[in-house]
Amino acid sequence: MTQALDVRDVHASRGAVEVLRGVTIDVAPGEICMLMGTSGSGKTTMLRAIAALGSFDSGSIVVDGFALAPGPVPPESKLKVLRRSVGMVFQSQSLFEHLSVLDNVTLALVHALGWTREKAETEATALLTTLGVAHRMAAFPRQLSGGEAQRVAIARALAPDPTLLLLDEPTSALDPARRSSLGEVLRGLAAEGHALLISTHDVDFAEAFADRVAVLAKGVVVEEGSPRDILSESTHADVRALLRSPSNEPPR
Amino acid sequence: MSSFVLGACSPANGAHAPLRWGGDAEGGAPFVEADPADPAKVRGFDVEIAQMIGHDLHRDPLFVQVAWASIEASVERADFSIGMSGVEDRPELRARHAVSIPYFEFREVLAVRFADSARYRTLADLAGKRVATLGGTGAYQMLLDAQPHGGPIPISYDDDVHPYSDLVAGRVDAVLLDNIIADRSLRRTGGFFIQRVPVETGSYVAVLAARDTALRDSVNAILRARMRDGSLEKTFRAWHVWDTTQTAYFARVLDDSARARAAGAIASVRTVRSYLPALLRAAGITLLLSCLAMVLAVGVGIAVAAGRVYGSPLVRAPLAVYVEIIRGTPVLLQLFVLYYGLSGFVRLPAFVAAVLGLGLNYAAYESEIYRAALQAIPRTQLEAGRTLGLSEAQILRLVRGPQALRLALAPMTNDFVALLKDSSLVSVITVVELTKQTAIYATNVGSWVVPGILCSLIYLALSLPLSRLARALEKKWSSV
């Protein structure tokens, strides 16, 4: 089976610091893979390299058959194919403040894919309905709650129907009830065949919704496997450190 | 005789083209002033002389308003054919331009406070004292020449009203100017003494472009004829400048002083209605000028800001130089350079030069606003656009630009209101806008009170709606 994402031995540095020191990871269509690690472990750097927002020095990144070359990020004109294959949900959501929820979701369909406004609005309405935020269609981003903004950001990233969806710390602004509701939504997306790579340090969320977990520490994947194997049984020091980190301490 | 001269020259010149002549109505009576009966027209002895010249040349005289200090530069760049507004004959004028024969002889007289009338009789009495005059005049040159030899300290003014008010207020010790200006100030404000013995005599001439010697010769012939037949004397008598003895002159001044002031106050109220249409027309010029300049400033400003944010170093460097030069030099200087400095290469009409000068000046400030606004948009907004597959141009147009515009709106409105007021500077390049028209009006009625209030009200009426509109837009955008 061809992978939606295939990352091999990727090294990346930011300034004098080598943040990624040979990361290898893959995600299959229909699979939810969670990239775990404490702050500074390199999760966000990895996601940004895959989304061609940050450079990497060596190794290979192949998304849905499109190979990104090491070195500086290429100009947008060379990334058309990648942009169609990868959607990204930012930790801060980064919704377009001057556009309504509906316009946030239709923007790429109309301007990047050249759809008519009617067709784009039909598609966006369907997506927002699936994600349970269709009633907020006319609202502007600053009027949304954290959970609503998260769903609108997912709808915006999903609109061009990417093979691979990247989510950076999607649970950071959500209370436990909303985390599990978000998890259900992500499950549904995987069931439709999307590949999901999610960075998180939320152990409960990973145990409940990940198909596979990769633990990143000091720029390398130290453990990889099913959530149960890794999160309850690992004896690896870095994994234990992750479990002890403040946001994962019971009770929540 | 005059008809013989005309027969010789006017058919060759294209007989019926209007005769454009320039003067400064802000200089006021008796030279050139707005006609209180019809402020769109001018009157004064220079106006009547222009009418005589026009009549004898079979050409309709057409008045062009120009700042007094710019008459020589404007005549050389062909804004008009003849400059006449109390222009003083002096050697440098003759060296650079074609100059007519003198048509009026005046005396440079010293004005002093009553208490000093016995002490300060000549320039020599004023050694080391402050003596005021109008910049760029023969009197100023005389003071400059006398200074190194233990003479007075010259104080230069841009108008001929403040030297006298400062004399009365004690800021200067004497004023050296034409007896005509001194006489007028005495009638208008009073409170000082004019020494009878003139310091020097001088004369008024018409100035023409150096190449216009044929027209100059015709003007000379006309002036001689008019001197001979008595019509010039009649005009000067009509304007009360044909004084023969200094004794009679002083007596008449004291007599006129009180009456002129009372009449001036009544006239200023009565003439509001007759001046209002002229002020409103001038306000229209101010508004049109400001709007066109702002459109230019916004367009160029956006282009410069985009170039500085997105361009290569090769693009950024010249744009940065442009912005720094514009911001680092006075807009007045830029207007002078654009209008007079470039007149050898490109002769811009005054209004076009005004729009270009103000527009390109404000463009530099606008570009800095837009640049700051563009840079204030968070990087993740741009990255979100990229991950959605938008091109850089689309991100600028759909994401970064619209958000930056909202940030830029308040400072932009401030700038437009400032531009509305800065547009008054273009009067230095002969455009008569609201402030200049007000100054002409004020000189005419001899008071700034009523014209000043009217002018302020019009400026407020123009700028207040703008500020309100901007506040409404900001409120709308911040509430969503």
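Odds and ends about this structure:
- As a fraction of the 1.4 Å probe accessible area of the protein assembly as shown, surface on carbon and sulfur atoms comes out at 59 percent.
- Think of each Lys and Arg Cβ as +1 and each Asp and Glu Cβ as -1; about the Cα centre, that makes the dipole of the protein assembly as shown roughly 1160 debye.
- Built amide H within the under 5 Å cut-off of B:Leu62, gap 5+: B:Leu19, B:Arg20, B:Trp21
- Remark on segment B:381-474: hydrodynamic radius 16.5 angstrom, per the Kirkwood mean of 1/r across alpha carbon pairs.
- 0 to 90° range, to nearest 10: angle between helix A:176-191 axis and chain A longest Cα axis: 80 degrees
- Pairs of Cα atoms farther than 25 Å apart, chain A, %: 43 percent
- Per-selection metrics, segment B:67-158 (Cα): Rg and Dmax in Å: 15.7, 48
- If you bin all the Cα-Cα distances of segment A:1-89 at 5 Å, starting from zero, the percentages per bin are 3, 14, 26, 27, 19, 9, 2, 0.
- Fraction of antiparallel bridges per DSSP, the protein assembly as shown only, in percent to nearest 5: 55 percent
- Inter-label distance for A:Lys78 and B:Leu469, nm, one decimal - labels placed 7 Å from Cα along Cα-to-Cβ: 4.7 nm
- In sequence order, calculated HN-Hα J values of segment B:331-343 (Karplus, 6.51, -1.76, 1.60; Hz; x Gly/Pro): 5, 4, 5, 4, 5, 4, 4, 5, 8, 8, x, 8, 5
- More than 11 Å apart - percent of Cα-Cα pairs taken over segment A:138-177: 68 percent
- The length gained by stretching the chain between B:Arg397 and B:Arg237 to full extension, at 0.36 nm per residue less their Cα-Cα distance, is 50.6 nm.
- Taking every residue in B:389-398 and counting other chain Cβ atoms within 10 Å of its Cβ, the average works out to 5.
- Kirkwood Rh and Cα Rg combined as Rg/Rh, chain B: 1.06
- For segment A:124-147, accessible area lost to neighbouring protein chains reaches 10 Å² or more, against the chain alone with a 1.4 Å probe, at A:Phe140, A:Arg142, A:Gln143.
- Restricting segment B:293-397 to trypsin sites (Lys or Arg not before Pro) in coil, as DSSP defines it, with at most 13 other Cβ within 10 Å: B:Arg347
- With θ taken as phi - 60° and the Karplus curve 6.51 cos²θ - 1.76 cosθ + 1.60 applied, the whole-hertz 3J(HN,Hα) list for segment B:103-113 is 10, 7, 9, 10, 10, 7, 10, 8, 10, 9, 6 Hz, x standing for glycine and proline.
- Principal-axis tilt of helix A:146-158 within chain A, Cα atoms, nearest 10 degrees: 80 degrees
- Helix axis angle, A:101-111 relative to chain A longest principal axis, alpha carbon, degrees: 90 degrees
- Computed across the protein assembly as shown, the Kirkwood radius stands at 32.3 Å (inverse of mean 1/r, all Cα pairs).
- For the Cα trace of segment B:105-177, dividing Rg by the Kirkwood Rh returns an Rg/Rh value of 0.92.
- Projecting the Cα positions of A:Leu164, A:Gly147, A:Val222 onto the charge dipole of segment A:107-252 (unit charges on Cβ atoms of Lys, Arg, Asp and Glu, taken about the Cα centre) puts A:Gly147 furthest along the positive direction.
- Comparing B:Ser74, A:Val185, B:Leu176 along the charge dipole axis of the protein assembly as shown, the residue lying farthest to the positive side is B:Leu176, per the Cβ-charge model.
- Ranked by the mean number of other Cβ atoms within 10 Å of their residues, highest first, the peptides B:144-150, B:204-210 come out as B:204-210, B:144-150.
- Listed residue (B:Gly328, B:Ser391, B:Ala353) projecting farthest to the positive dipole end of segment B:257-412, Cβ model: B:Ala353
- Each Lys and Arg Cβ is given +1 and each Asp and Glu Cβ -1; about its Cα centre, chain A then shows a dipole of about 500 debye.
- Average beta carbon contacts from partner chains per residue of B:374-385, 10 Å cutoff: 4
- Chain B - share of DSSP beta bridges that are antiparallel (%, nearest 5): 60 percent
- One quarter of the convex hull surface built on the alpha carbon atoms of segment B:53-209 amounts to 9.9 nm², the projected area averaged over directions.
- Measure of compaction for segment B:352-433 (Cα Rg per 2.2 N^0.38 Å): 1.47
- Bins of 10 Å from zero: percent of alpha-carbon pairs in segment A:161-252: 15, 49, 31, 5
- Shown for the protein assembly as shown: lysine pairs separated by 8 or more places, or found on different chains, whose C-alpha atoms are under 22 Å apart, numbering 5.
- Computed FRET value (nearest 0.05) for B:Ile153 with B:Arg273, which takes r as the C-beta separation and R₀ as 56 Å: 0.80
- Convex hull of segment B:19-120 built on C-alpha atoms - directionally averaged projected area, nm²: 8.6 nm²
- Taking 1.306 mPa s as the viscosity and 10 °C as the temperature, the Stokes-Einstein diffusion coefficient of segment B:151-243 based on its alpha-carbon Kirkwood radius rounds to 98 µm²/s.
- Here each label is just a point 7 Å from Cα along the line to Cβ, and for A:Gln91 and A:Ser13 those points are 2.3 nm apart.
- The coefficient of translational diffusion for segment B:316-467, derived via Stokes-Einstein from the alpha carbon Kirkwood radius under 25 °C and 0.890 mPa s, stands at 134 µm²/s.
- Kyte-Doolittle mean at least 1.0 and Cα axial length at least 30 Å: DSSP H helices in chain B: B:272-310
- Between B:Arg94 and B:Leu333, the simple spin-label model (points 7 angstrom out along Cα→Cβ) gives 3.5 nm.
- Rg to Rh, two decimals, where segment B:56-112 supplies the alpha carbon set and Rh follows Kirkwood: 1.01
- Calculated [θ] (222 nm, deg cm²/dmol) that DSSP helices of n ≥ 4 give over the protein assembly as shown, each run adding -39,500 (n - 2.57): -15500 deg cm²/dmol
- Extent along the principal axes, Cα only, for segment A:60-179: 41, 37, 24 Å, with the longest axis given first.
- Phi to ³J(HN,Hα) by Karplus 6.51 cos²θ - 1.76 cosθ + 1.60 over segment B:120-131, Hz, x for Gly, Pro: 9, 9, 10, 4, 4, 5, 9, 4, x, 9, 8, 10
The values are calculated or read from the model by the stated rules, or taken from the named source; none is laboratory data. For clarity, every value in this text was computed on a predicted model and none was experimentally measured. Here the Cβ is made from the backbone with ideal geometry for all residues, glycine too, and neighbour counts use every protein chain on show. Each accessible area value is taken on the protein alone, full model and side chains, heavy atoms only, with ligands, DNA and RNA left out. Shrake-Rupley method; radii C 1.70, N 1.55, O 1.52, S 1.80 Å.
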